Amino acid sequence: MKKSRAVISLIVYVLILGLFGYTAVFGVGADKSGAASSIKLGLDLAGGVSITYQVVGDENPSSEDMSDTIYKLQQRVQNYSTEAQVYQEGSDRINIEIPGVSDANAILEELGKPGSLYFISQTDSEGNLNYQAGFGIDADGNLVTQYMLTKSIDELLADGSVILTGTDVADAQARSQQDQRMGNIENIVTLTLNDSGTAAFAEATQKAYSNNESIAIFYDDAIVSAPNVSAVITDGNAIITMGSGDAAAAQQLASTIRIGGLKLELEELRSNVVGAQLGSEAIHSSLIAAAVGFALVVIFMIAVYYICGLAASLALCLYAELMVILLYAFEATLTLPGIAGIILSVGMAVDANVIIFARIREELATGKTVQSSIKIGFSKALSAILDGNITTLIAALVLLNMGSGTIKGFSITLILGIALSMFTALFVTKFLLNALYAVGIQGEKAYGVAKEKKTIDFLSKRYLFFGLSVAVIVIGFVVMGINKSQLDMPLNYSLDFVGGTSTTMTLNNDMSIEEIDAQIVPLIEGITGDGNVQTTKVAGSNQVIIKTRTLNVEERERFADTMVTKFGVDESSITAETISATISSEMQADAIKAIVVATLLMLLYIWFRFKDIRFGASSVIALIHDVLVVLAFYAVVRISVGNTFIACMLTIVGYSINATIVIFDRIRENLRDKKDREELQELVNRSISQTLSRSIFTSLTTFFMVAALEVFGVSSIREFALPLIAGIICGTYSSVCLTGALWYVFRTKLVKKA
């Protein structure tokens with residue numbers, strides 16, 4: 001690259017940084033597209049809609065039916081936000097909280113009114129009509145065909161004319177396809193039936209097709225559609241055609257069928273627009289933490305890596321700007337843990353740069369020129385960067401497809417972070433380094449030359465490391481056992497996992513969330529001993545909702561007395577209801593399945609890439625070790641286990657596997673270039689020593705970001721940051737002290753036969 005071209009390139013890059021920076025801060029156009037302020041925020045940051053449904057006709061529904069209904073509703077409201085929450089309130093009510101929206105009526109209309117859904121044959125067994133066509137006027141004044149039942153639902157159920165009920169439908173989705181006859185794009189609704197529904201529908205469509213009949217879909221006391229049967233359907237997959245200009249009707253019908261597939265019939269009890277659970281102080285303190293952490297990372301990179309550090313810092317600025325713009329573009333819902341995760345990803349994004357710069361310095365130490373060292377450094381670092389990021393990407397994609405709720409939101413952020421970090425490290429940093437070299441910064445001292453590293457004998461202490469790790473994990477299980485016997489819970493589960501009490505009251509004067517958190521919450525924490533109190537305001541009123549762990553009768557009375565005496569609240573306005581966990585058992589099962597599948601796929605990928613399953617087995621054992629150690633930390637310190645717990649564990653899994661891959665990549669490389677007389681133990685020690693600076697420096701940059709969260713963040717952020725600090729330390733320890741030792745033990749004890 002010529003000097004003049006390099007100067008122009010750097011000027012253009014700075015202009016691009018300024019353009020993206022302006023977009024990320026101020027946005028484009030009247031709606032501020034791309035701006036951080038335009039990103040969807042969760043209930044904790046911006047509030048949303050709260051809808052309460054009540055079971056119709058059954059005062060004591062079974063826990064199984066309630067759990068099934070909650071889980072199905074959770075799957076459906078994720079269309080609005082991955083951070084939407086569904087939980088039980090009392091014995092027969094279900095509460096839905098959807099962040100980032102403010103029109104409860106629109107949500108109710110789109111979601112539909114949960115009720116009984118029936119598929120009805122046109123004629124009964126004797127050939128009598130079950131429904132007939134008529135005419136009516138729709139909401140727009142148009143003449144439309146309407147169908148009316150000729151019998152009651154009870155009569156239809158009795159004579160076998162009801163083919164399917166809503167519980168026979170596994171899924172319904174609105175889609176579009178090309179009409180094979182006319183070539184037009186038509187809107188359709190696809191139906192997927194369960195096993196029992198498939199058999200019944202095959203028999204019903206055989207009869208309808210033979211007699212040229214239709215099948216009516218009856219919902220909420222009306223026939224919403226009566227499509228003609230044009231084929232016998234035996235595989236449980238049906239299509240309802242809606243025409244070319246009726247996309248909204250297709251969406252509405254699909255939504256109606258999905259909501260009608262609930263086991264319980266529900267009716268709306270109340271709906272509110274609720275304010276943020278946390279005030280503007282939470283966002284403000286998180287932004288301060290981000291700025292401080294980012295500044296520390298930039299200072300550290302430049303101080304350690306000189307010109308390379310400057311290039312990485314400029315690339316990191318672009319990374320942060322693109323992350324904001326892409327979060328807006330992908331309509332991700334951002335919660336406080338999500339902000340923490342993004343701030344954390346900035347620290348982890350430095351990792352690829354650290355690997356590259358270490359390689360460049362090693363090449364300079366062999367006497368190569370700066371330009372040649374840059375080229376070879378990027379080339380040699382490529383395999384470690386690709387393998388580490390692809391392994392983490394596999395986990396993220398599995399979580400996106402198999403997880404639910406918060407896990408989906410986390411995986412979206414993780415996928416964006418992985419893609420951006422690879423792009424900025426492999427392309428942007430390389431471009432900047434070449435440009436800076438071309439403008440005249442060509443001296444070796446400006447890039448740093450690696451000093452000869454003394455090989456540290458890590459493997460000689462491997463059994464000490466193994467024993468220490470086992471001891472920490474055992475202590476964790478012992479503490480969990482003691483907690484279980486004394487406190488009835490092995491971990492300090494928050495209401496996200498075990499449910500609790502939701503207390504609603506009306507204040508005499510308008511208080512902001514910050515004032516409620518400062519004046520009311522400390523008193524509630526004193527009564528309950530619960531440090532995870534959640535507060536929400538109902539928009540346009542003085543009504544406040546406070547969620548705590550489950551309160552006994554005495555605690556509820558003290559709660560009410562405190563609010564009456566200290567804040568003059570009318571006691572009659574205070575109501576308390578038991579609420580279920582917002583993370584249901586099904587969601588927990590989804591998370592466990594997703595993590596197990598992700599771990600197996602990572603094992604297979606590492607086996608494929610390294611041609612040795614012992615690398616994969618060592619990685620997975622180290623990963624499990626890190627998770628168990630952090631779990632022990634949660635148990636010993638009694639940190640609240642809530643929504644952030646899942647995000648924390650998933651972050652540690654990604655961090656752990658990434659660090660391990662770097663060391664294994666160096667072992668693989670050194671095995672290819674193995675000296676004839678070099679012992680395997682010496683080779684492993686040399687590989688760990690060569691990557692030691694990367695392990696320490698990456699941990700430090702990540703630590704800076706997390707430490708800033710711990711110092712400047714609000715209480716819920718600190719509950720996320722503290723175990724992450726433990727996870728960073730543990731991940732660094734396991735990568736350096738355990739993974740290479742485990743592989744060596746497997747390699748020497750499980751030698752391949754010739």
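From the list ALA635, ALA598, the lone residue that is open to solvent by less than 10 Å² (accessible area, probe 1.4 Å) and within 19 Å of the chain's Cα centre (by Cα) is ALA598.
Can VAL297 be described as open to solvent by less than 30 Å² (accessible area, probe 1.4 Å) and of a type in the set (Val, Ile, Thr)?
When the stated conditions are applied, VAL297 passes them.
With respect to the conditions (1) surrounded by 14 or more Cβ atoms within 10 Å (Cβ to Cβ); (2) farther than 16 Å from ILE583 by Cα, SER81 falls short on a single one, namely (2).
Among the numbered conditions (1) under 40 Å from the mean Cα position of the chain (by Cα); (2) in a helix (DSSP H, G or I); (3) at pLDDT 85 or above, the only one that THR205 does not meet is (1). Within the stretch 46-67, the set of residues being more than 21 Å from ILE545 (Cα to Cα) and open to solvent by less than 40 Å² (accessible area, probe 1.4 Å) comprises VAL55, PRO61, MET66, SER67. The residues on offer are GLY141, GLY197, and the sole one that is out of contact with any Pro (no Cβ under 7 Å at 6 or more places or on another chain), open to solvent by less than 80 Å² (accessible area, probe 1.4 Å) and either modelled with pLDDT under 80 or in a loop (DSSP other than H, G, I, E, B) (or both) is GLY141. As for the stretch 466-488, it holds at least one residue that is of a type in the set (Asp, Glu), within 33 Å of the chain's Cα centre (by Cα) and farther than 21 Å from GLY388 by Cβ. Within the bounds of the stretch 373-383, is there any residue that is crowded, with 21+ Cβ neighbours inside 10 Å, within 26 Å of PHE615 (Cβ to Cβ) and among the β-branched types (Val, Ile, Thr)? No, the conditions are met nowhere in the stretch 373-383. Residue count for the stretch 145-174 satisfying the condition of being surrounded by 15 or more Cβ atoms within 10 Å (Cβ to Cβ) and in a helix (DSSP H, G or I): 5.
Scanning the stretch 704-721 for residues that are closer than 20 Å to ALA632 by Cβ and surrounded by fewer than 20 Cβ atoms within 10 Å (Cβ to Cβ) returns GLU710, ARG718. Only one entry in GLY448, GLY440 is touching a helix residue (DSSP H, G or I) at 6+ places or on another chain (Cβ under 9 Å) and open to solvent by 30 Å² or more (accessible area, probe 1.4 Å), namely GLY440.
Out of all the residues in the stretch 337-349, is one or more surrounded by 23 or more Cβ atoms within 10 Å (Cβ to Cβ) and at pLDDT 80 or above? Within the stretch 337-349, none of the residues are surrounded by 23 or more Cβ atoms within 10 Å (Cβ to Cβ) and at pLDDT 80 or above.
All of TYR71, TYR53 fail the test of being in a helix (DSSP H, G or I) and under 18 Å from ASN95 (Cβ atoms), apart from TYR71. When the stretch 569-610 is filtered for residues that are farther than 23 Å from LEU495 by Cβ and of a type in the set (Ser, Thr, Tyr), the ones remaining, listed by number, are SER572, THR599, TYR605. Just a yes or no: is a residue in the stretch 420-437 within 30 Å of ALA84 (Cα to Cα) and among the aliphatic types (A, V, I, L, M)? Yes, the stretch 420-437 contains at least one residue that is within 30 Å of ALA84 (Cα to Cα) and among the aliphatic types (A, V, I, L, M).
Selection within the stretch 107-127: residues that are open to solvent by 60 Å² or more (accessible area, probe 1.4 Å), closer than 26 Å to LEU193 by Cβ and assigned to a loop (DSSP other than H, G, I, E, B). The member of this set that is modelled with the lowest pLDDT is LYS113. Among the residues of the stretch 12-45, those identified as open to solvent by 10 Å² or more (accessible area, probe 1.4 Å), closer than 21 Å to ILE545 by Cβ and in contact with a helix residue (DSSP H, G or I) (Cβ under 9 Å, 6 or more places away or on another chain) are LEU41, ASP44, LEU45. Taking the stretch 460-568 and the helices (runs of 4 or more DSSP H) fully enclosed by it, the elements with 1 or more residues that are open to solvent by 20 Å² or more (accessible area, probe 1.4 Å) and under 30 Å from ILE624 (Cβ atoms) are at 462-487, 495-498.
Taken residue by residue, the stretch 22-29 has at least one member that is out of contact with any Cys (no Cβ under 6 Å at 6 or more places or on another chain) and either assigned to a loop (DSSP other than H, G, I, E, B) or within 22 Å of PHE497 (Cα to Cα) (or both). Just one of (1) modelled with pLDDT under 80; (2) surrounded by fewer than 22 Cβ atoms within 10 Å (Cβ to Cβ); (3) more than 33 Å from the chain's Cα centre (by Cα) fails for ASP235. It is (1).
Identify the residue in the stretch 393-406 that is surrounded by fewer than 24 Cβ atoms within 10 Å (Cβ to Cβ) and β-branched (Val, Ile, Thr) and, among all such residues, is farthest from the chain's Cα centre (by Cα). Top of the filtered list is ILE394.
All conditions in (1) open to solvent by less than 70 Å² (accessible area, probe 1.4 Å); (2) in a strand (DSSP E or B); (3) within 24 Å of GLN75 (Cα to Cα) hold for ILE223, with the sole exception of (3). When the stretch 494-536 is limited to residues that are touching a residue at least 12 places away in the same chain (Cβ under 8 Å) and acidic (Asp, Glu), the one that is nearest to VAL86 (Cα to Cα) turns out to be ASP496.
Counting only helices (runs of 4 or more DSSP H) that sit wholly inside the stretch 639-754, those with at least 1 residues that are more than 20 Å from ALA352 (Cβ to Cβ), more than 32 Å from the chain's Cα centre (by Cα) and of a type outside the set (Ser, Thr, Tyr) are 643-672, 680-690, 740-749. Filtering the stretch 651-703 to residues that are under 14 Å from SER735 (Cα atoms), among the hydroxyl-bearing types (Ser, Thr, Tyr) and either in contact (Cβ under 8 Å) with a residue 60 or more places away in the chain or open to solvent by less than 10 Å² (accessible area, probe 1.4 Å) (or both) leaves TYR655, SER656, THR660, SER687, SER689, THR691, SER693, SER695, THR698.
Could you grab me the full set of residues in the stretch 32-63 that are charged (D, E, K, R) and at negative phi? Give the steps one after another, and end with the answer.
Initially, the stretch 32-63 is screened for residues charged (D, E, K, R), giving 32, 40, 44, 58-59.
Within the stretch 32-63, LYS40, ASP44, ASP58, GLU59 meet the criteria.
Within the stretch 529-568, the set of residues being hydroxyl-bearing (Ser, Thr, Tyr) and closer than 20 Å to LEU491 by Cα comprises THR548, THR550. I'm trying to understand the selection: among the residues of the stretch 539-582, which are out of contact with any Ser or Thr (no Cβ under 8 Å at 6 or more places or on another chain) and β-branched (Val, Ile, Thr)? Answer for the stretch 539-582, where residues must be out of contact with any Ser or Thr (no Cβ under 8 Å at 6 or more places or on another chain) and β-branched (Val, Ile, Thr): VAL553, THR562, VAL564, THR565, THR582.
The values are calculated or read from the model by the stated rules, or taken from the named source; none is laboratory data. Bear in mind that the values here come from a model prediction, so they are computed numbers and not experimental data. Virtual Cβ from ideal backbone geometry, glycine too; neighbours counted across all protein chains shown. Note: accessible area is taken over every heavy atom of the protein model, side chains too, but ligands, DNA and RNA are not part of it. Shrake-Rupley method; radii C 1.70, N 1.55, O 1.52, S 1.80 Å.
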